[in-house]
1. Based on the Kirkwood radius over alpha-carbon pairs, what is the Stokes-Einstein translational diffusion coefficient of the stretch 418-513 at 10 °C with 1.306 mPa s viscosity, in µm²/s?
2. Karplus couplings for the stretch 137-149 from phi (6.51 cos²θ - 1.76 cosθ + 1.60, θ = phi - 60°), rounded to Hz, Gly and Pro as x?
3. Taking the Cα centre of the chain as the origin, how large is its charge dipole in debye, to the nearest 20, when only Lys and Arg (+1) and Asp and Glu (-1) carry charge on their Cβ atoms?
4. Over the stretch 306-425, what is the relative contact order in whole percent, taking alpha-carbon pairs under 8 Å and six or more residues apart?
5. Go through 379-391, 302-314 and give me the packing order, highest mean Cβ count within 10 Å leading.
6. Please report, in whole Å³, the volume per residue of the convex hull around the C-alpha atoms of the stretch 63-147.
7. Where a ≥ b ≥ c are the square roots of the eigenvalues of the C-alpha gyration tensor, would you call the stretch 292-375 rounded, which needs a/c under 1.5, or, failing that, prolate if a/b is larger than b/c, or oblate?
8. Over the stretch 138-239, what relative contact order in percent results from Cα pairs under 8 Å that are six or more residues apart?
Amino acid sequence: MNLTRRLFLQQVSLLTAAAAAQSAHLAGHATEHQMTTPAQPAGPLLDTNALARYVDPLPIPARAKPSGQRPDPKHPTTHIPYYRVAMRQFQTKVHRDMGPTTFWGYDGSCPGPTFETRHGEPILVEWANELPRHHFLPIDHTLHGSEPDKPEVRTVVHLHGGRTGPESDGYPEDWFVPGQSATCYYPNQQEAASLFYHDHAMGITRLNAVAGLAGLYLIRDEFEDSLNLPQGAYEVPLVLFDRSFRPDGQIYYPVSGKPGAPWVSEYYGSAILVNGKIFPYLEVEPRKYRFRLLNSSNGSFYRLSFSADASVTSPGFDFIQIGSEQGFLEAPAPTETLILGPGERADLIVDFSSKAGKELFLRTEAVVFMQFRVCTEKTKDDSSLPPRLRPVPRISENTAVTTRELTIADYQNRLGRSSVMLLNGAHWGMPVTEKPVLNSTEIWSFINLTDDSHPIHLHMVRFQILDRRPFDLSVYQLTRKVIFTGPPIASTANDLGWKDTVRVDPMTVTRIIVKFEGFTGRYVWHCHMLEHEDNEMMRPYVVLPA
Ligand code: C2O
Ligand code: CU
């Protein structure tokens, strides 16, 4: 294992360990975690690791229901489904033994309702802000976009992974306040995939997300139908996010301690929730299941495994990845572990047929957070798992018209604390520098100058990862020249699928290849660690007409 690889693994384990930072037996990790995030004081927290395990059944988010039909804005003679989804404050129990917790959610739930849509069948969604006028989490008015003259509560909804026109994409500055709404048109002209919708308001995205504003959006197509994968009750969404709670059961969000500037550089919760519950269980039959995973955490990367007993060191058993963010892999990929960063999704098949009567677990390297109870009765399983899925033709590097070298950097103040985080050295408000032409192909080469992994997301497009390659950081800092120190790091099956969010590891140059298909207009690209995104690690980009 080369040095970069080892350091990266250490990084991932630090990030996942953070989710269990409250746990005594992980005290060593907790110390390391605090070193990486010096800004977070140890607040008075509920010890979520002391909660009873597997006493709450896994909730399944409701399915979004259209409230009628409206003329298609593009073809006014046809009518298309129209949904109205209100963002509301609500209370819910995240665990049997905790009092109700206040959240903000779409349709008053977190995760919000799951959209079930079909390729080629557009929909309209009216997103209505019915939230209170005051935020319950600490706004930093020194951040761009959340200055004191801005209303406290602002929302704008982005469909992450959607090939959406710019007017409906949820541009961070297109926010609206309580009492207002915005209607978005989603064409669904893209292959079957797991998308998700979430808030994107300038300067407070991290807080709106922690408050609970996220949900799944599935696009299906005929190709998917033809695969005969597990469906109905055997297709289960697993939305993962971490939170810490105060002793009174309310969401805890740390502050920097710097007067007037509460922003912290990362948020890691003490508990990983699944579909909004801490330590849930799911009763399953001994057969194949399809799990649609989403990591909607602000900052945590999870190295996930399924294991046969409830310990973080127990060996994992094989599961099968069939899809990444933007659709199916070429072929089912058996694996024992999968890294999922903020904003990333995975489509998995887990076969419980040889596990009747067993209790199984889903875990990271630091915490076991969900249980599966496999019942003993034999059930019929008509679903199949074909040897080939959808071809993912590799985009040739020769087709790229440009390579952009883009740095990822974290600027620290005299105390060694992060003060601002920039993409290619540019603030949000500086002139647009990334202007691809519609239908052209480009290589974006991310040069990570920090010691964190950053999940980089481009709106509107899907892309492929070309490679991740270690380089000499000190030479780069002196000369601005990339000198590689080793060959590219081996790709996983996940890396070879269609992606819209890519993990850019420390001390690597990560290259992606993108064809800018879809729409012209103004979009954004950014880090999906939401604390970074809110403090300048986000840039506009413009797709120019051909
Ligand atoms: Cu999931 Cu611009 O975000
Ligand atoms: Cu980042």
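Readers should treat all values here as calculations from the given coordinates under stated rules, not as data from a laboratory. All of these numbers come straight from a predicted model, not from anything done at the bench. Cβ sites come from the backbone with ideal geometry, for glycine too, and all protein chains shown count toward neighbours.
1. Answer, rounded: 108 µm²/s.
2. 10, x, 6, 9, 6, 8, 7, 4, x, 10, 4, x, 7
3. 200 debye
4. 22 percent
5. Put in order of decreasing packing, that is 302-314, 379-391.
6. 160 Å³
7. Cα axes put the stretch 292-375 in the oblate bin.
8. Relative contact order for the stretch 138-239 comes out at 27 percent.
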